[in-house]
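The values are calculated or read from the model by the stated rules, or taken from the named source; none is laboratory data. Since this is a predicted model, take the numbers as computed values, not measurements. Positions of Cβ are backbone-derived with ideal geometry, glycine not excepted, and every protein chain shown enters the neighbour counts.
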Ligand SMILES: Cc1cc2nc3c(=O)[nH]c(=O)nc-3n(C[C@H](O)[C@H](O)[C@H](O)COP(=O)(O)O)c2cc1C
């Protein structure tokens with residue numbers, strides 16, 4: 001299986017979680033590639049059987065907590081039509097409805113959400129491998 005891991009990271013926590021997911025996916029015997037959301041090309045997505053997409057969260061006093069800058073980077077992604085996508089975020093206090101918002105936005109680009117996890121930022125790296133294992137297990141059951 002070919003897995004593509006995308007991250008939107010400002011200070012490195014989400015990137016570190018994505019890198020730990022890369023190792024976990026490879027450790028399960030799959031091919032995996034990692035890219036920043038700003039670097040991804042349509043061909044990367046076309047070749048992927050499964051994607052992980054992660055972001056940090058950003059809070060606004062009047063508008064709540066959101067997947068950071070998602071209104072910019074989600075519309076700029078190549079089409080996700082028909083692609084299974086597991087989503088994750090890293091946060092400091094509380095992710096609120098960030099994953100729900102992000103999932104809906106990615107569904108609007110054609111994705112099917114197949115897993116989701118919010119990680120407190122200091123636990124994101126250690127949580128990466130169990131998340132990957134859970135997503136891969138349920139994905140295999142879906143396609144079996
Ligand atoms: C401008 C700004 C706003 C943030 N707002 C929130 C917030 O509302 N809730 C929260 O739990 N964390 C908030 N955080 C913390 C980040 O989501 C958290 O540190 C995240 O892991 C950063 O990911 P990164 O290192 O990949 O950039 C905020 C961080 C910044 C810089």
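What the table below lists for this structure:
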| read-out | value |
| --- | --- |
| Filtered residues of the stretch 78-93 (kept if closer than 14 Å to residue 66 by Cβ and in contact with a strand residue (DSSP E or B) (Cβ under 7 Å, 6 or more places away or on another chain)) | 87, 89, 90, 91 |
| Among the residues listed as 118, 48, 68, the single one being at pLDDT 95 or above, surrounded by fewer than 19 Cβ atoms within 10 Å (Cβ to Cβ) and closer than 19 Å to residue 19 by Cβ | 118 |
| Residue satisfying all of: in the stretch 26-45; touching a helix residue (DSSP H, G or I) at 6+ places or on another chain (Cβ under 7 Å), within 23 Å of residue 137 (Cβ to Cβ) and without any contact (Cβ under 8 Å) to a residue 60 or more places away in the chain; surrounded by the fewest Cβ atoms within 10 Å (Cβ to Cβ) among these | 33 |
| Strands (runs of 3 or more DSSP E) enclosed by the stretch 1-99 - at least 3 residues per element that are within 16 Å of the chain's Cα centre (by Cα) | 2-8, 31-36, 50-60, 84-91 |
| Only listed residue being touching a residue at least 24 places away in the same chain (Cβ under 8 Å), under 25 Å from residue 31 (Cβ atoms) and assigned to a loop (DSSP other than H, G, I, E, B), chosen from 115, 110, 127 | 110 |
